[in-house]
Amino acid sequence: MTERFDCHHCNESLFGKKYILREESPYCVVCFETLFANTCEECGKPIGCDCKDKHESSATRLPSSSPGSVSHLLCGLGFARGPYAVGPSPPVLPLTVLCGLAPQDLSYKDRHWHEACFHCSQCRNSLVDKPFAAKEDQLLCTDCYSNEYSSKCQECKKTIMPGTRKMEYKGSSWHETCFICHRCQQPIGTKSFIPKDNQNFCVPCYEKQHAMQCVQCKKPITTGGVTYREQPWHKECFVCTACRKQLSGQRFTARDDFAYCLNCFCDLYAKKCAGCTNPISGLGGTKYISFEERQWHNDCFNCKKCSLSLVGRGFLTERDDILCPDCGKDI
């Protein structure tokens, strides 16, 4: 009577045949590949076990390789020998596991390839044990990926390789060593810079070569600034002569070449309305009435008695008052 050693799935005897252990259960090669073999992404065929050398070992999965995290799967094949007689102390069944196999199943993100099918989708060079990149389900070697998808340096026009430091500004990219000041040729790095005519300048070089000088403080104007009477000013230097508030973006006027905000100008120089005693700025199209060295806002030029507007009408005066013709009849 002999001890049986059968395939865990089809129950066919494995004596004299190759087999594979999976979770300590033996399978014939046909059943193992039918039940467990992965399908190659490239050729669509099952990835079987391919044995080359004999070693005393067991089925092993090697650690993932660093580039692309590809797993190499080694199939452990056994070869059963017998028969053996059953006795008081039955011998342990000797197993010769055939390993040292070609790594047939390469996996990446739950996808699988034959080793011969694992290549760059563009240049077709093998990616086994090489770094690679994935783009839209395609595997690419680093050279093809860089040529196809990596940024080009604005200065030297060469590819900026993945993993290298680069500088970006308004959609353009530079190698860190190519991003330099056009005037002094020194790297700009993370320092402030000023672009002009498709060239980049560090702040000191821009101030020396291009910046206008403020007519007030005589220092360079690097950003912003205002122009008044064809002369450049810093925004913070262009202020009201009286109250020193900034005039940039505000309504203002000038007297004797000095700029004033409207409030200061009215307080200092504007005529006062004879009706309400408030200043008449005369700015922005403001209309007013002038008579015998007195002035009125249009809205204030009314009859003293009946408050009728006298704009465009005849009127009479009684001392400091103005009257409509009807109210002035009894004068």
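The values are calculated or read from the model by the stated rules, or taken from the named source; none is laboratory data. Since this is a predicted model, take the numbers as computed values, not measurements. Please note that ligands, DNA and RNA were not included when accessible areas were found on the heavy atoms of the full protein model with its side chains. Shrake-Rupley method; radii C 1.70, N 1.55, O 1.52, S 1.80 Å.
Listed by chain and number, the aspartates and glutamates placed with their C-alpha closer than 13 angstrom to that of LYS287 are ASP299; residues fewer than eight positions away on the same chain are left out. Listed by chain and number, the lysines placed with their C-alpha closer than 27 angstrom to that of LYS170 are LYS135, LYS152, LYS157, LYS158, LYS191, LYS196, LYS208, LYS235; residues fewer than eight positions away on the same chain are left out. Ranking of ARG319, ARG244 by solvent-accessible surface, largest first: ARG319, ARG244 (1.4 Å probe, protein heavy atoms only, all chains present).
Of the solvent-accessible surface of the stretch 183-290, computed with a 1.4 Å probe and all protein chains present, 45% belongs to carbon and sulfur.
Determine the relative contact order of the stretch 229-331: mean sequence separation of Cα pairs under 8 Å and six or more apart, normalised by residue count, in whole percent.
Relative contact order, the stretch 229-331: 13 percent.
Rolling a 1.4 Å probe over the protein heavy atoms gives the stretch 210-330 an accessible area of 68 Å² per residue. A full extension of the chain between LYS18 and LEU308 corresponds to an added length of 92.4 nm, given 0.36 nm per residue minus the alpha carbon distance.
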